[in-house]
Amino acid sequence: NRSIPKLYEAFHGCFDIGAAVNPRTIAQSGDLIANHYNSLTAENEMKFERLHPWENSYTFEAADKIVDYAREHGKKLRGHTLVWHNQAPDWLFQDGEGGPVSGETLLARLKLHVDTVVRRYQGDIYAWDVVNEAIADEGPELLRSSPWLDIAGPGFIAKAFEFAHEADPKALLFYNDYNESHPQKRDKIYELLKSLLSQGVPVHGIGLQAHWNLFDPGLDEIRAAIEKYASLGLVLHLTEMDLSLFRFDDVRADLTAPPEELLELQARKYEAVFNLLREYKDVIDSVTFWGAADDYTWLDNFPVRGRKNWPLLFDENHQPKRSFWRVVDGR
Ligand SMILES: Oc1ccccc1CN[C@@H]1C=C[C@@H](O)[C@H](O)[C@H]1O
């Protein structure tokens with residue numbers, strides 16, 4: 001049978017091809033990951049609650065395992081994520097008496113976290129998702145309500161980037177978000193980045209999470225988003241790509257295997273998406289899948305807990321899917 005090309009080699013000269021990993025997937029899929037991906041992101045192990053569960057205790061063991069694996073296999077490493085309203089520990093936003101902490105104390109705690117984490121991985125991590133998902137999905141307001149915004153005010157975003165840049169002036173600093181190709185949210189993200197850049201805030205790139213599905217966003221929306229973000233002079237990373245077989249609001253949970261017709265739709269969409277991404281290889285430097293193969297994906301529990309999904313290029317047995325061949329052969 002035809003030998004299987006390395007996925008990242010198929011994109012040599014275009015952009016890096018990455019995977020989100022964790023200690024379990026490194027144990028189960030280490031060969032697949034080493035073979036096909038040349039960039040890694042810790043799926044959860046570098047989130048605030050995982051590294052810094054209590055004010056005076058850091059737990060680096062799991063993250064260090066991923067850094068060691070990346071170093072041993074010569075993989076580039078993206079850091080995810082310094083500031084997020086999810087998977088953040090409760091203590092961060094609380095004062096000693098169970099009330100909310102003050103704004104300046106929260107920012108001081110953030111600075112300490114960023115200094116400690118970014119310096120530890122300086123030289124190993126070349127790019128950080130400094131702020132994740134700060135933009136409001138619906139409604140007129142620009143920023144989503146969160147403890148970060150409610151306690152520290154909108155300046156927390158600029159501060160996060162300044163702290164990270166001070167800690168590692170060489171690291172590429174990204175703003176990261178999902179639904180980044182939906183026109184309304186796209187325009188809000190654009191406004192935020194334009195404002196940060198006009199204030200001289202050290203933002204170098206935008207992370208498009210690219211949690212897409214077979215039906216949306218359309219290729220025209222993706223193209224429009226790439227063009228709009230690129231017009232700011234920012235580098236683009238696709239940071240968490242997967243193509244769910246289900247629309248976001250489709251809660252069907254009857255499938256135990258991926259149907260042929262959905263696998264064909266998925267292969268067509270992956271082919272079209274990567275042909276589009278190749279067209280923008282001058283502004284896109286990295287494309288990371290949020291997982292390595294279908295045997296492990298966060299979509300098995302989101303948005304429907306316990307509902308299997310098959311969103312990636314390799315199947316549950318780590319074999320290339322039809323989508324893999326359509327992506328590497330290109331058209
Ligand atoms: O697609 C979404 C829809 C609603 C909320 C968040 C997201 C995506 N949110 C992402 C997904 C998985 C986590 O592991 C990542 O850290 C997070 O950035």
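Derivation of every value follows stated rules applied to the coordinates shown; laboratory data play no part. A quick note: this is a predicted structure, and the numbers were derived from the prediction, not measured. Neighbour counts run over all protein chains shown; Cβ positions are idealised from the backbone, glycine included.
Checked against (1) within 16 Å of the ligand (Cβ to nearest atom); (2) of a type outside the set (Ser, Thr, Tyr); (3) under 19 Å from the mean Cα position of the chain (by Cα), ILE226 passes all but a single condition, namely (1). Restricting the search to the range 74-101, which residues are surrounded by fewer than 15 Cβ atoms within 10 Å (Cβ to Cβ), within 16 Å of the ligand (Cβ to nearest atom) and closer than 19 Å to LEU172 by Cα? Those that are surrounded by fewer than 15 Cβ atoms within 10 Å (Cβ to Cβ), within 16 Å of the ligand (Cβ to nearest atom) and closer than 19 Å to LEU172 by Cα: none in the range 74-101. Taken over the range 120-161, the criterion of being in contact (Cβ under 8 Å) with a residue 60 or more places away in the chain and charged (D, E, K, R) is satisfied by ARG120, ASP129.
I'd like the residue in the range 181-201 that is more than 19 Å from VAL283 (Cβ to Cβ) and surrounded by 18 or more Cβ atoms within 10 Å (Cβ to Cβ) and, out of all such residues, is farthest from the chain's Cα centre (by Cα).
The initial filter retains those residues of the range 181-201 that are more than 19 Å from VAL283 (Cβ to Cβ), namely 182-185, 188, 191, 195, 198-201.
Subsequent filtering for residues that are surrounded by 18 or more Cβ atoms within 10 Å (Cβ to Cβ) retains 185, 188, 201.
Values: LYS185: 17, LYS188: 19, VAL201: 21 Å.
Step by step, filter the range 181-201, then rank; the result is VAL201.
Taking TYR296 as the residue in question, decide whether it is under 17 Å from the mean Cα position of the chain (by Cα) and surrounded by 18 or more Cβ atoms within 10 Å (Cβ to Cβ). Walk me through it before giving the result.
Details: under 17 Å from the mean Cα position of the chain (by Cα): yes; surrounded by 18 or more Cβ atoms within 10 Å (Cβ to Cβ): yes.
Here the answer is yes, as TYR296 does meet what is asked.
Starting from residues that are surrounded by 20 or more Cβ atoms within 10 Å (Cβ to Cβ) and within 27 Å of LEU243 (Cα to Cα), keep the ones in the range 202-212 and report whichever is farthest from the ligand (Cβ to nearest atom). By that ranking, first place goes to GLY205.
Among residues of the range 41-62 being in contact (Cβ under 8 Å) with a residue 40 or more places away in the chain and closer than 30 Å to GLY13 by Cα, the one that is surrounded by the fewest Cβ atoms within 10 Å (Cβ to Cβ) is ASN44. Restricting attention to the range 1-21, report how many residues are outside any helix (DSSP H, G or I) and touching a residue at least 60 places away in the same chain (Cβ under 8 Å). Summing the residues that are outside any helix (DSSP H, G or I) and touching a residue at least 60 places away in the same chain (Cβ under 8 Å) in the range 1-21 gives 12. Need the failing condition index for ASP242 against (1) in a strand (DSSP E or B); (2) more than 13 Å from the ligand (Cβ to nearest atom), just the number. Among (1) in a strand (DSSP E or B); (2) more than 13 Å from the ligand (Cβ to nearest atom), ASP242 violates only (2).
If you check TRP325 against the conditions, is it part of a loop (DSSP other than H, G, I, E, B), more than 16 Å from the ligand (Cβ to nearest atom) and surrounded by 14 or more Cβ atoms within 10 Å (Cβ to Cβ)?
Criteria not met by TRP325.
For the range 102-139, the candidate set comprises residues that are assigned to a loop (DSSP other than H, G, I, E, B) and more than 30 Å from GLY74 (Cβ to Cβ); within that set, the residue that is nearest to the ligand (Cβ to nearest atom) is GLU133. From the list SER146, SER195, SER181, the one residue that fits, being away from the ligand (no atom under 16 Å from the Cβ) and not aliphatic (A, V, I, L, M), is SER195.
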